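Here the structure is laid out as structure tokens; the discussion comes afterwards.
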Protein chains: 2
Amino acid sequence: MLESKAAAPRLGKDEYKRLYKPLAERLMVLQQMARFAGLGSIVLFEGWDAAGKGAAVSDLVVNLDSRYFNVYATQDPVGSESRLPFMARFWSRVGGHGTMTIFDQGWYHAVMKSLAMSSSNDEDAAARESFVDQAISYSTSIRSFETQLAADGYLIVKIFLNIPADVQRERFMELLLDPNTSWRVTDGDVDQVQRYGAYAKVLERLLSVTDRPAAPWTVVEATHRRNANVAIMQTLVAAFEWALAARGVDTTGTIDEVAAAVAAHVRDDGQEGIGSAADLSSMHELVEVGRIEDARHDLVVGKREYARRLAGLQEALHRQQAELYRRRIPLVVAYEGWDAAGKGGNIKRLAQGLDARIYMVNPIASPTPEELARPFLWRFWTRLPRTGHTAIFDRTWYGRVLVERVEGYARPEEWRRAYDEINEFEAELERWGAILVKLWINVGSEEQLRRFNERQDNPEKRWKITPDDWRNRERNDDYATCVDDMLRLTSTPYAPWNVIESDDKRYARLKALGIVSAAIDERLGDAGLEL
Amino acid sequence: MLESKAAAPRLGKDEYKRLYKPLAERLMVLQQMARFAGLGSIVLFEGWDAAGKGAAVSDLVVNLDSRYFNVYATQDPVGSESRLPFMARFWSRVGGHGTMTIFDQGWYHAVMKSLAMSSSNDEDAAARESFVDQAISYSTSIRSFETQLAADGYLIVKIFLNIPADVQRERFMELLLDPNTSWRVTDGDVDQVQRYGAYAKVLERLLSVTDRPAAPWTVVEATHRRNANVAIMQTLVAAFEWALAARGVDTTGTIDEVAAAVAAHVRDDGQEGIGSAADLSSMHELVEVGRIEDARHDLVVGKREYARRLAGLQEALHRQQAELYRRRIPLVVAYEGWDAAGKGGNIKRLAQGLDARIYMVNPIASPTPEELARPFLWRFWTRLPRTGHTAIFDRTWYGRVLVERVEGYARPEEWRRAYDEINEFEAELERWGAILVKLWINVGSEEQLRRFNERQDNPEKRWKITPDDWRNRERNDDYATCVDDMLRLTSTPYAPWNVIESDDKRYARLKALGIVSAAIDERLGDAGLEL
């Protein structure tokens, strides 16, 4: 893809204008159509150093309506970003449906760096290997990112700005010779000029491996800025025409007509019942955790024993959390469960053992409009703890396969693919080094009813119970099916579900805290003994 | 306030429970009432190192509903925060009305550090003075932050955890002697122990100077954790009871009754017309910029001269922006103007001169629910550029005294105090070192009408014009009054308004870019010549 062809001659000023202007005007129209049609897009610029990515982005964006795009110049992670999973800084920047997100360097940049390092002769073998390992781990994360966005309806355009070795060398010489610009040339740049051939080999491989139908590469010859601009515009116009047409938008009409057609289009859900997940399996390794109807309801613990053991567990957790902080290990505790199962009180007892400065409880309610306009995992990517910190989720990303499935908020094709999207998400957390503990807080139907009535009868507790709770209760059988599917399809070896019998809340609290504490111990390994 | 009294004896376990539990339960109820009443609160914990701030916050928050509070442990600025104005990281974390925002250390921490430094004998005189300067600048920013929040209806509770010198010394010894905790003791901590007396003197002064009615201090003796917890609870319960009562909430009722009463309360705006600002003056120094009716409408520039001068200006801006980046000077360009005055095209020509990686256009539309729930400047605090970057605002914080005043979205007492809130905001930007350029894009009424009709007649441009535009046009006289008040009350020496005559768009673009370029030159001073 990157072989040096003789570059096309530089476009003259008038010729450039003649080619460029109608394309730019067309893109402005397509941007508005995409806005009305709810087509989100990701435009990524990668390329050789000094290929002119900054100029290309600058020239592009002045033609766009600034209300509906964002530009991110992603260099290396800054500040607390380095304490989040590799892809978190890209996930968190994804714009909503109808908007365009432009990255000037992105997720391939880091892979390129690692791969290029691994091809260096200066490094010792072990270091080389670790770069390759890192690159492989990155590319897994990237595949999941691009695939999930594409499945969610995003248009993904990846542009590689290509320049031959002599052009790159010349540009750097120019920068170096001018005292106003010489500071911009880094050691990495110099290395790339000196080992252009090695980098080219690596890049070739990277581009061809990651050239997927849902997220194809376009290599743009960038020796001449005008020529590159025209090629970029052609690529974008074609991509938008195609993506809009694929959504059934008639792009030959006016913007008004598109807006009217979209507004008139009533989505036909036509869903009856909750559908079945019986035919689904996972691409991830799974472990067996049983079915929810087999959970016991007779487990209790006495008041005095409870007090004694709770204090011990909270003390242990406090020490363990300090150690996690010191070793920069993030902890994620995911709580799901029946209404009135006792999630809140359980979380409170866990939190009592923790230092409020380094944990956060994330209560998950209905998504906001901003969140609804993005892939469903977005609001969890943006709520991850930093390394060393703890995030407790009071309800989680499993809402997709529970309430959204039961209520039909997610279409069947959406919730059905969500199991593996979730498994991928959790695999990312695992690669990042997080401890992930998932707790299903379980309660029998009669005990639930008793608690509902108790809340209803107590004026100081009445606000805790809503008509929704009663309505959900009527659908408990549907929910049970969904819970079983969830337990079956998302219990991975590194993130299995734990069913917490909570007919007796004291028992449930001790069990939950014990599981969290044991998971930390397991990770801390020998170091745990030190405590 | 900090004089060492003999600490009260440590509360026994049962006594603690007897005192603490009813307070904690009451706070839970008050938190729900505050939620329904829309009462936002800021709870700040400051104190001596090792006074137990972390424990106090942890003990507090487990009693709260995690949906309606957030905790921030603010140490020193991290990552890109250091490239924003001092108060930006606190402004951006302010939660919405109805929620509680808890800071474990905050804006006083930095001042304390500076003041303590200035009292040190080790530093030379010049360094001491610069610390004092910084502390004074911080305290100005703090006053504006607290005053604006209080005016916006927030409850502000500031708690200082006080321990005597011997208790602090003992706690640090304990930490140092345990190999599991010794790493937590910093040089700053040690300094504080060694110079407790000097710090105490500085703190006394700081607390008394910043003990304002809208944001009073409560000093809590923190030698015994239980005693401190009870005192904190008492403080919070009393503060919430008071703040809710001040809002007309009957806190003797149940949560349901409060919710019902709030829902039934229909806000009586009763506003007629746009009101007058004639009696208003500013506490800030102002400069004269004239009235909008005196603006000329006959200024034009020829096509060829335009092309030549535009290219020159854009080139200059490109060089200047690189220099701003290198010297880490932030640039903020604020665009306001009549509908169809040509703001968009003007911004586009400015942007063409800039590098997209370090500028961002912020289009300002109606506020989101999240933004509406906070002080109106919040959404601008969170959109500032980093040092060295450029932010262009397509409409701005002046919406408060323009559209919100005309349409009655802001109550008279809100928009009337907004002029000086804005002046304070811009003074912060100035103290931070930003270049701020404010442009009013002006067009005559007939030319505006011509442009409206032109848009209406062109199917590709019709989406640009909405019924709102026609409706606004009918209120042009009201807007003119608001524009004049704005020009009069917010033209400070460092951020004066510039009226850009835009009946001829070419003229307007050259003038706008020229003003931006000149403002940069002025700041760069001699260094400008280097370019």
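Throughout, read-outs are computed from the coordinates displayed, never taken from laboratory work. All of these numbers come straight from a predicted model, not from anything done at the bench. A quick note on method: Cβ atoms are made from the backbone with ideal geometry, for glycine too, and the neighbour counts reach across all protein chains shown.
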Checklist entry - Where the convex hull is taken over the Cα atoms of the range B:376-531, what is its projected area averaged over directions, in nm²? => result 11.1
Checklist outcome for this item: By the Cα gyration tensor axes a ≥ b ≥ c (a/c under 1.5 gives rounded; else a/b larger than b/c gives prolate, otherwise oblate), the shape of the range A:469-531 is oblate
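Sorted from largest to smallest, which semi-axis lengths in Å does the alpha carbon gyration tensor of the protein assembly as shown give for its equivalent ellipsoid, taking the root of 5 times each eigenvalue?
Details: eigenvalues 448, 293, 211 Å².
After diagonalising the Cα gyration tensor, the semi-axes are 47, 38, 32 Å.
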Next on the checklist: Per-residue Cβ counts within 10 Å, from other chains only, averaged over A:460-471: what number is that?
Outcome noted: 2
Next on the checklist: Give me the percent relative contact order of chain A, please, defined on Cα pairs under 8 angstrom at least 6 residues apart.
Outcome noted: 18
Next on the checklist: Using Stokes-Einstein with the Kirkwood hydrodynamic radius over Cα pairs, what translational diffusion coefficient do you get for the range A:39-260 at 10 °C and a viscosity of 1.306 mPa s, in µm²/s rounded to a whole number?
Outcome noted: 85
Item to check | Sorted by Cβ neighbour density within 10 Å, fewest at the top, the residues B:Thr186, A:Thr490, B:Thr396 | outcome: B:Thr186, B:Thr396, A:Thr490
Checklist entry - How many percent of DSSP beta bridges within the protein assembly as shown run antiparallel, rounded to 5? => result 5
Checklist entry - What pairs from B:Lys303/B:Lys348; B:Lys343/B:Lys461; B:Lys53/B:Lys158; A:Lys17/B:Lys461; A:Lys461/B:Lys17; A:Lys303/A:Lys461 go past 19 Å between their alpha carbons? => result A:Lys17/B:Lys461; A:Lys461/B:Lys17; A:Lys303/A:Lys461
Checklist entry - Which of B:Thr218, B:Thr368 comes first, and how do the rest follow, when ranked by fewest Cβ neighbours within 10 Å? => result B:Thr368, B:Thr218
Next on the checklist: What does the copy distance list look like for B:Asp478, label position 7 Å along Cα→Cβ, in nm and ordered from shortest?
Outcome noted: 4.7
Checklist entry - Does anyone have the angle between helix A:165-177 and the longest principal axis of chain A? Alpha-carbon axes, 0 to 90°, nearest 10? => result 90
Checklist entry - In deg cm²/dmol, rounded to 500, what helix-only [θ] at 222 nm does chain B give when every DSSP H run of at least 4 residues adds -39500 (n - 2.57) and the total is split over its residues? => result -16000 deg cm²/dmol
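State whether the range A:89-210 is rounded, prolate or oblate according to the following rule on the C-alpha gyration tensor (a ≥ b ≥ c being the square roots of its eigenvalues): a/c under 1.5 gives rounded; otherwise a/b larger than b/c gives prolate, and the remaining case gives oblate. Write down the numbers at each step before the final one.
Numbers: a/c = 2.26, a/b = 1.36, b/c = 1.66.
Since a/c reaches 1.5 but b/c is at least a/b, the shape of the range A:89-210 is classed as oblate.
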Next on the checklist: Place a point 7 Å from Cα of B:Asn476 in the direction of its Cβ. Which residues in the range B:447-467 have their backbone N less than 18 Å from it?
Outcome noted: B:447-457, B:465-467
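Give the dimensionless ratio obtained when the Cα radius of gyration of chain B is divided by 2.2 N^0.38 Å.
Taking N as the residue count of chain B, the ratio is 1.13.
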Checklist outcome for this item: Sorted shortest first, the nm distances from the B:Gly12 label point (7 Å along Cα→Cβ) to its counterparts in the other copies are 10.1
Checklist entry - Hey, if you drop one equal point scatterer on each alpha-carbon of the range B:399-450 and run the Debye formula without solvent, what base-10 log of I(q)/I(0) do you get at q = 0.26, 0.32 Å⁻¹? => result -0.96, -1.08
Checklist entry - When the gyration tensor of the range B:203-334 is built from Cα positions, what are the square roots of 5 times its three eigenvalues, in whole Å, from largest to smallest? => result 54, 30, 18
Item to check | Peptide A:60-68 - average C-beta neighbours from other chains (10 Å radius) | outcome: 5
Checklist entry - For the peptides A:306-313, B:34-41, what is the packing order when you average, over each peptide's residues, the other Cβ atoms within 10 Å and list the highest mean first? => result B:34-41, A:306-313
Checklist entry - Considering only DSSP beta bridges with both partners in chain A, what is the antiparallel share in %, to the nearest 5? => result 5
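When B:Val361, B:Val249 are ordered from fewest to most other Cβ atoms inside 10 Å of their Cβ, what list results?
Fewest-to-most Cβ neighbours within 10 Å comes out as B:Val249, B:Val361.
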Next on the checklist: At 7 angstrom along the Cα-to-beta-carbon line, where would the label on A:Glu305 sit relative to the other copies? Give the distances in nm, shortest first.
Outcome noted: 9.4
Checklist entry - Considering only the other residues whose Cβ falls under 13 Å of the Cβ of A:Gly96, what net charge follows from Lys and Arg at +1 and Asp and Glu at -1? => result +2
Checklist entry - Rounded if a/c is under 1.5, else prolate if a/b is larger than b/c, else oblate: which is the range A:1-128, with a ≥ b ≥ c the root eigenvalues of its Cα gyration tensor? => result oblate
